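The values are calculated or read from the model by the stated rules, or taken from the named source; none is laboratory data. Please read all numbers here as calculations on a predicted model, not as lab measurements. All Cβ positions, even for glycine, are placed from backbone atoms using ideal geometry, and neighbour counts span all protein chains on display. Only protein heavy atoms, including side chains, enter the accessible area calculation; ligands, DNA and RNA are left aside. Shrake-Rupley method; radii C 1.70, N 1.55, O 1.52, S 1.80 Å.
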Amino acid sequence: VTAILDQHDPGVPQTHVLVIGVNSYKHLRGGSGQLCKEYNMNLKQLTSPCVSARAFAIWALKDFENELAPLGSVELLLSEGAPTQFALYEENEPKEVESATLHNIRTAFQSWFQRCDSNEENVAIFYFCGHGVMIQGDSVLLVEDFGADKLEPFSTAINIDRLYRGMAQSKAKVQCYFIDACSNVPHEGLKLEDSGAQSFITPKLTYPHRSTSLYLKASAPGDSAYADSAGKVSRFTSALIEGLKGSGFRRENGKWVVFTTSLMEAVSQSLEHMNSFLGEPLQIFSAPYIVGRAGLLIQERPPTVCISLRLEPRKALSCAQMKLKYARNTGLELWFPQPGGEKTKYTWEVNVEVGARYELSAEFNPPSYKNFTESLVVYPGGGYTPDPILVEVTP
Amino acid sequence: MSSLTVQLIDLDKDSLDFYNGKTIAVEIFDIQGESVYKFALGKPETLEVDPGAYVVQARLPSGETVAAQANVGEGENYQVDLYPTRSPNGWVKEFQLMENSSAKIQQSSQDDTLSIIGSAYSRKIDMKRFLGSRQQGRSVYSIFRSSPISEQKSSEKLSSLWLRLWSGEAWKGFYVKPSSWFQGIEFEINYAVAEVQTQEECLNYLQLGGEGLARRFIALPAGKGSLLKVLIRSSRTPTGLNSGLTLKVLGNSTTNDFLGYIVAGTWESADFISDTILTKAKKELNDTQNPFGAVLCGYYLLLKGDFDRLQDLPLILDQGYPWLPDGAIIHAWKILQRSVTDGDMKLARQRLIEATRRGLPIYTQCLRLLIDGLELFMEKGRSINRPDEEVERVLEHMRKYAACVNWTEPFTTFFGVDMDQPTLQNEIRGTERPEHAATLGQFKQKRL
């Protein structure tokens with residue numbers, strides 16, 4: 001089992017994270033093993049899942065902060081087609097990472113379950129990125145050795161819906177499941193009574209211990225999940241990390257908190273924004289289960305978000321020299337473009353603190369528009385106002 | 001004392017009318033980002049506030065957000081005008097298409113002059129000065145996935161579609177003659193809005209079919225004498241199965257507003273309008289016996305674990321509406337969430353089985369809860385080597401539907417030849433018009 005962080009202490013509430021990424025499928029097209037002919041569903045090798053899983057693991061190790069349930073462990077499994085390693089920083093000794101086969105995932109799940117179950121105040125986080133399908137209404141995740149058994153190809157796959165139901169027995173009172181996979185309904189699946197995929201835990205009729213759960217899927221049933229270029233972090237994971245780092249935070253009683261529900265709102269907003277920007281194919285996420293509301297991250301310092309400043313009319317940006325500075329005069333000033341620099345982009349994306357007022361000023365050359373100074377406020381959720389910034393044309 | 005007035009304005013008509021009576025989530029932040037006021041906006045609202053700087057944010061049921069700054073001086077009444085987005089795919093657009101079916105579809109947001117829409121201003125400004133000239137014309141919708149197709153062809157395809165209404169309970173029902181339910185249809189180039197009136201207090205499912213189209217059913221949140229609008233338009237996510245076409249039903253205002261927040265995943269906003277929605281839904285339950293808003297509230301409070309506000313709503317829905325599967329399902333899950341005694345488990349099992357006897361739930365998420373609940377009882381039986389045959393039998397029946405359900409739709413929508421024949425197979429496509437079907441083209445001249 002690859003624990004890239006293990007500081008498990010059953011005596012105190014902690015957060016335990018299990019991360020799985022699968023690029024390489026031995027029995028699908030392009031794989032190193034014998035092709036699973038009857039149930040390959042035209043699926044092939046992937047390039048984004050391991051990059052996305054690494055990005056999620058790095059977020060957990062670097063940015064996770066919750067004084068009520070600090071990070072206790074992170075386990076990582078990656079199938080990249082060759083033995084693989086993980087190091088948080090270049091100067092660290094890299095750790096060998098086990099591949100995401102069903103056997104390895106089962107073992108990792110069992111130890112993750114034990115850790116999560118060791119304290120009632122624990123937080124459990126499960127992340128998967130790879131191929132997924134829907135078989136008879138159940139979400140099924142494909143792992144590296146999917147299709148190894150010709151007679152039972154889905155015996156090396158995970159029924160994540162059933163796993164979620166089974167986890168109701170775990171004592172961890174807050175549980176999050178982030179599933180970055182497609183949910184297409186393959187014709188091959190229509191022939192099956194059920195998939196026979198594994199859940200590692202049998203659901204039971206017991207009083208549910210968990211009071212809060214968030215189960216987000218990158219795709220709506222019947223739809224696909226996307227990465228916009230090969231080898232890059234997927235859309236859903238980008239939206240998820242953006243929500244966890246900034247846009248999911250809300251300020252409550254003087255602290256900044258990502259709640260399970262505010263995270264879902266942030267992911268929804270972010271994907272909708274990507275959809276409007278990138279166009280078709282659209283990615284419609286789904287949230288099969290949202291129960292209760294709990295803080296997942298808690299921190300004192302304000303989060304930062306990336307905003308893209310919009311001028312109206314849009315073309316005003318091309319001749320603008322803009323300056324953004326904190327209204328409370330901290331000395332910080334941001335320029336677009338840098339004084340004396342060339343304008344290489346025609347959108348200004350800038351990282352700013354949430355819950356702060358800024359002063360934005362612009363000068364135009366040629367002077368087709370009137371120079372202005374505007375008060376800009378960035379509020380929770382990652383929005384800013386005014387948006388867009390209206391620019392008057394010079395008469 | 002100072003005050004702050006918040007109002008939402010329909011940009012096209014420069015009017016407050018469209019948002020009057022809706023339930024819109026509004027939140028006011030102080031300048032550090034702490035939430036200081038949260039409320040449901042149904043008409044222009046004036047709040048007493050301390051002087052200071054605020055951000056006023058409205059989140060629409062579509063998930064769209066508009067915000068404005070407000071710098072409120074001592075003794076001042078400060079007015080914030082919010083102009084929500086008119087996204088072609090958003091809730092507002094769908095709502096308008098159905099509420100005012102003669103509305104023209106707007107130009108694509110690619111048009112530079114439209115980027116201003118979706119803005120909020122703290123003072124009245126001359127929006128038209130910034131909007132410039134907006135052109136009508138090219139439609140953003142193209143029906144069926146083989147776009148672009150000519151408008152004429154698209155219109156012909158729409159005209160060839162048909163609808164038929166199935167009414168009944170406990171899986172027994174019949175197709176109703178169109179003359180008693182089909183109230184009219186409004187055609188635009190690439191979409192159509194049909195008006196449907198149901199007669200009986202029972203389950204009502206509307207089926208859509210046509211040439212080259214997989215037949216599908218959609219549950220109608222309709223009781224006795226309910227008048228509903230149904231939108232047929234292109235899908236945001238075209239697939240081979242849905243043929244690029246989607247079928248939407250508009251519930252009443254209470255249902256539709258709340259459903260918007262739930263579907264868009266904006267549960268924080270849903271939370272602070274839920275009291276208003278619950279009050280409206282209970283009133284509808286008492287005054288008009290319309291249970292659909294109450295079912296939605298019951299589902300929401302159940303998931304939220306808010307048993308104080310849930311109270312005896314599940315029992316009322318279960319016993320007061322013996323034809324409605326959703327009430328029995330919510331009742332069963334309330335028991336499953338709260339109890340562990342054998343007697344309670346027995347009752348929960350019985351309510352789930354009763355739900356399957358009543359028929360297919362109206363809400364997709366209730367179908368999900370039904371299957372999840374039955375699976376728990378199935379697992380229990382199998383774990384002690386005493387399979388629960390009754391549960392396994394009804395579960396097998398419900399799974400046939402589950403495999404053909406479009407889980408993205410809030411109202412249960414499944415592909416099927418007939419109510420008792422759910423299927424995803426291609427052979428259900430066909431040109432033949434079944435008995436009691438209303439072909440949309442027949443009503444081309446009929447305006448709502």
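Assorted remarks:
- The angle separating the long axis of helix A:102-116 from the principal Cα axis of greatest extent in chain A is about 70 degrees.
- Solvent-accessible area lost in complex, 30 Å² minimum, residues of segment B:58-72 relative to chain alone, 1.4 Å: B:Arg59, B:Ala67, B:Gln69
- Judged by the ratio a/c of the largest to the smallest principal axis of the C-alpha gyration tensor, segment B:213-286 counts as oblate, that ratio being 1.5 or greater while a/b is no larger than b/c.
- Value of D in µm² per second that Stokes-Einstein yields for segment A:65-212, Kirkwood Rh from Cα pairs, at 10 °C (1.306 mPa s): 95 µm²/s
- In this label model, B:Thr288 and A:Ser361 are separated by 5.7 nm, measuring between points 7 Å along each Cα→Cβ vector.
- Segment A:161-274: C-alpha pair distances exceeding 17 Å, %: 66 percent
- Take every pair of alpha-carbon atoms less than 8 Å apart whose residues are at least six positions apart; their mean separation over the length of segment A:93-156 yields a relative contact order of 28 percent.
- Evaluated over segment A:267-369, the Cα radius of gyration and Dmax, each in Å: 18.0, 56
- For A:Cys182, the amide hydrogen comes within under 5 Å of the amide hydrogens of A:Gly132, A:Ala225, counting only partners 5 or more places away or on other chains and with H modelled in the peptide plane.
- Within segment A:72-155, GluC sites (Glu not before Pro) in DSSP loop having at most 10 other beta-carbon neighbours inside 10 Å: A:Glu90, A:Glu91
- Between the C-alpha center of segment A:26-104 and that of segment B:175-191 there is a gap of 52 Å.
- Taken residue by residue and averaged, Cβ atoms of other chains lying within 10 Å of the Cβ of A:374-387 number 6.
- All Cα-Cα distances of segment B:1-52, cut into 5 Å bins from zero to the largest, leave 5, 18, 25, 22, 15, 11, 4 percent in each bin in turn.
- Gained length - A:Leu151 relative to A:Thr347, 0.36 nm times residue gap less alpha-carbon distance: 65.2 nm
- Förster radius 45 Å - calculated FRET efficiency between B:Ile384 and A:Ser276, Cβ distance, rounded to 0.05: 0.30
- For the chain pair A and B, the interface hides roughly 5200 square angstrom of accessible area in total, found with a 1.4 Å probe.
- Portion, in percent, of the accessible area of segment A:88-150 that falls on carbon or sulfur, probe 1.4 Å: 44 percent
- When you filter the chymotrypsin sites (Phe, Trp or Tyr not before Pro) in segment B:250-359 for DSSP loop state and at most 16 other Cβ atoms inside 10 Å of their Cβ, you are left with B:Trp323.
- Folded to 0 to 90 degrees: helix A:49-63 orientation relative to chain A principal axis, Cα: 70 degrees
- Amide H contacts under 5 Å for A:Val377, placed H, 5+ residues apart: A:Tyr358, A:Thr385
- Three-way shape label, segment A:1-49, alpha-carbon gyration tensor, a/c 1.5: prolate
- The charge dipole of segment A:55-197, taken about its Cα centre with unit charges on the Cβ of Lys, Arg, Asp and Glu (plus for the first two, minus for the last two), comes to roughly 420 debye.
- For chain A: rounded, prolate or oblate by the Cα gyration tensor [a/c cutoff 1.5]: prolate
- From phi via Karplus (6.51, -1.76, 1.60), per-residue ³J(HN,Hα) for segment B:254-264 in Hz, x at Gly/Pro: 4, 4, 5, 4, 5, 4, x, 5, 5, 5, 6
- Computed label-point distance, nm, for sites A:Gln85 and A:Leu190 using a 7 Å Cα→Cβ extension: 4.9 nm
- Charged-residue dipole, Cβ positions (Lys, Arg, Asp, Glu), chain A about Cα centre, Debye nearest 20: 540 debye
- Per residue accessible area in Å² of the protein assembly as shown, where ligands, DNA and RNA are left out and the probe is 1.4 Å: 39 Å²
- For segment A:67-202, averaging the sequence separation of C-alpha pairs within contact (under 8 Å, six or more residues apart) and dividing by the residue count gives a relative contact order of 26 percent.
- Relative contact order of segment A:276-377, defined on C-alpha pairs under 8 angstrom at six or more residues apart (%): 28 percent
- Taken over the alpha carbons of segment A:138-222 as equal point scatterers, the Debye sum produces base-10 log I(q)/I(0) values at 0.15, 0.22, 0.26 Å⁻¹ of -0.61, -1.11, -1.31.
- Accessible surface ranking that places the most exposed of B:Lys380, B:Lys177, B:Lys22 first, with a 1.4 angstrom probe: B:Lys177, B:Lys380, B:Lys22
- Two-site label geometry, B:Gln319 and B:Thr5: point separation in nm, points 7 Å out along Cα→Cβ: 4.9 nm
- Cα centroid separation, segment B:315-369 to segment B:6-47 (Å): 37 Å
- Annotation: extensible slack from A:Ser368 through A:Glu120 equals 82.9 nm (criterion: 0.36 nm per residue apart, minus Cα-Cα distance).
- Here the Karplus relation 6.51 cos²θ - 1.76 cosθ + 1.60, evaluated at θ = phi - 60°, turns the backbone of segment A:221-232 into coupling constants of x, x, 10, 10, 10, 10, 10, 7, 8, 4, x, 10 Hz, with x for every Gly and Pro.
- FRET efficiency estimate (nearest 0.05) - Cβ-Cβ, B:His397 to B:Phe174, R0 22 angstrom: 0.60
- For the protein assembly as shown, pairs of C-alpha atoms spaced more than 43 angstrom apart make up 31 percent of the total.
- For segment A:68-74, 3J(HN,Hα) per residue [Karplus equation, 6.51 cos²θ - 1.76 cosθ + 1.60, θ = phi - 60°, Hz, x = Gly/Pro]: 7, 8, x, 5, x, 7, 9
- Dipole-positive endmost among B:Thr276, B:Thr255, B:Gly244 within segment B:228-330 (Cβ charges, Cα centre): B:Gly244
- Coil-residue trypsin sites (Lys or Arg not before Pro) of segment A:66-157, DSSP, other Cβ within 10 Å capped at 14: A:Lys150
- Only the Cβ atoms of Lys and Arg (+1) and of Asp and Glu (-1) were treated as charged; on that basis the dipole of the protein assembly as shown about its Cα centre amounts to roughly 1720 debye.
- Between segment A:239-309 and segment B:200-268, the alpha-carbon center distance in angstrom: 28 Å
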